[in-house]
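Asks: One structure follows; several queries about it will come next.
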Amino acid sequence: MKLLELAIAILAVALLFGFHTIRVLKRKIQELAMQVSLLNQENEHMRKKIDKVMQ
C-alpha cells in the first residue's frame, strides 16, 4: 500500500509541475505574440514612410 501512495504522490507532483510549466510557457507565448505584433506595426509604419519617400 505504501508503494501505491508513493506512486500517487509522485504523479500528483508531476502533474502540478506540468501545469505550472504549461502556464509559464503560455505566458511566454503571449509575450512573444505581443512582440511580434508590435514589430509588425513598426514594420508597416516604416514601409509607409519608405513609400512616401519613393514617390
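Asks: Starting from segment 25-46, keep only residues that are at negative phi, then list their pairs with residues that are surrounded by 10 or more Cβ atoms within 10 Å (Cβ to Cβ) whose Cβ atoms are within a distance under 8 Å, requiring at least 6 positions of separation or different chains.
Replies: Partner pairs satisfying both residue conditions: none exist.
Asks: Would you confirm whether any residue within segment 1-21 is open to solvent by 100 Å² or more (accessible area, probe 1.4 Å) and not in a helix (DSSP H, G or I)?
Replies: Yes, that holds for at least one residue.
The values are calculated or read from the model by the stated rules, or taken from the named source; none is laboratory data. This is a predicted model, so every value here is computed, not measured. Ideal geometry is used to build each Cβ from the backbone, glycine not excepted, and the neighbour counts take in all protein chains shown. Quick note on the areas: whole protein, heavy atoms, side chains included, nothing else; ligands and nucleic acids left out. Shrake-Rupley method; radii C 1.70, N 1.55, O 1.52, S 1.80 Å.
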